[in-house]
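Asks: Can you read through this structure? Questions will come right after.
Each reported figure results from applying straightforward, stated rules to the coordinates on display, with no laboratory input. All of these numbers come straight from a predicted model, not from anything done at the bench. Heads up, the Cβs are rebuilt from the backbone with ideal geometry, glycines too, and the neighbour counts pull from every protein chain shown.
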Amino acid sequence: MKLSIVVPVYNEENTIEEILRRVDSAIIETVAEREIIVVDDFSTDGTRIKLEGLARSRKDLKVLYHDKNRGKGAALRTGFMALTGDLVVIQDADLEYDPSEYGKLLGPIVDGIADVVYGSRFLGSPQGSIYFWHYRANKLLTLLSNTMNNINLTDMETCYKVFKSEVLRELTFRSNRFGFEPEFTAKITRRKHRIYEIPISYYGRTYKEGKKIGWRDGILAVFYIIWYRFFN
């Protein structure tokens, strides 16, 4: 099997080289081949220059560029259109999530018991600092999503979503920013895909370190959860 790792990037000059190094170091015994697709969402720091240099020296790295900042959801859509793998991992470009856990995330799919796997930050694995209100907002949004979609996740907003690439052939995504998370969840639930959760470690960063999601995204997420459940 071939694994496609999709990495949306926006102004991650300080972490992009390290996260790609960690992706390279991830040991995944169940896949024979992998590709890394980085989508730069019109970074304005030195990220794009670093990516241009990396792309010239690596055959397994595909870098795509947006001509304006469109948001994480839009970057993921661009990456999805370019992938060629059998399995897909979404990887943020910061250092909050650990690529060494790919193997256990892929496990339920490889074993034939899941189509989609969520990596949950709230199932007991090591966790770095996370803002109190972010934690509460995540819990409330997950509860609302569970209620609307009749599922029982613990971490709907997690970055780590792993799935069969055939899932993408059935779905069209529209959210440009962080609304991708509730949209993805609503649409795979409606399609009756088998969902599994795996505990993951999490190393939360601060706004000073580059964290981007804010309270406005939380309010919009409530709208998206309801919209994608009933109207789209």
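Asks: Over 21 Å between Cα atoms, which of Lys2/Lys62; Lys72/Lys161; Lys62/Lys187; Lys164/Lys187; Lys72/Lys192; Lys104/Lys161 qualify?
Replies: Lys62/Lys187; Lys72/Lys192
Asks: Please report the spacing between the Cα centers of region 100-121 and region 170-190 in Å, no decimals.
Replies: After rounding, the separation between the Cα centres reads 19 Å.
Asks: Which value in nm describes the separation of the simple spin-label points at Ser100 and Leu220, placed 7 Å from the Cα toward the beta carbon?
Replies: Once both label points are built, they end up 3.5 nm from each other.
Asks: Just need the relative contact order of the chain here, percent rounded to a whole number, with Cα pairs under 8 Å and 6+ apart.
Replies: Contact order relative to length: 24 percent.
Asks: On to the next question. With springs connecting C-alpha atoms under 10 Å apart, model the chain as a Gaussian network and identify which of Ser57, Ser25, Ser145 has the largest mean-square fluctuation.
Replies: Largest GNM mean-square fluctuation: Ser57.
Asks: Return the calculated 222 nm mean residue ellipticity for the chain, to the nearest 500 deg cm²/dmol, obtained by summing -39500 (n - 2.57) across DSSP H runs with n ≥ 4 and dividing by the residue count. Mind dumping the intermediate values first?
Replies: Details: 8 runs with 90 residues, N = 232.
One gets -12000 deg cm²/dmol as the mean residue ellipticity at 222 nm.
Asks: A further question on this structure: Among 116-123, 11-18, 192-199, 181-188, how do they line up from the highest to the lowest mean number of other beta-carbon atoms within 10 Å?
Replies: Ranking, from highest mean packing down: 181-188, 116-123, 11-18, 192-199.
Asks: To the nearest µm²/s, what D does Stokes-Einstein give for the chain at 10 °C and 1.306 mPa s, using the Kirkwood radius over alpha carbon pairs as Rh?
Replies: For the chosen part, D equals 89 µm²/s.
Asks: Considering only DSSP beta bridges where both residues belong to the chain, give the percentage that are antiparallel (nearest 5). Walk me through the intermediate numbers first.
Replies: Details: 6 of 29 bridges.
Close to 20 percent.
Asks: Zone of Glu33 (label point 7 Å along Cα→Cβ, backbone N under 20 Å): which residues in region 70-101?
Replies: 79-90
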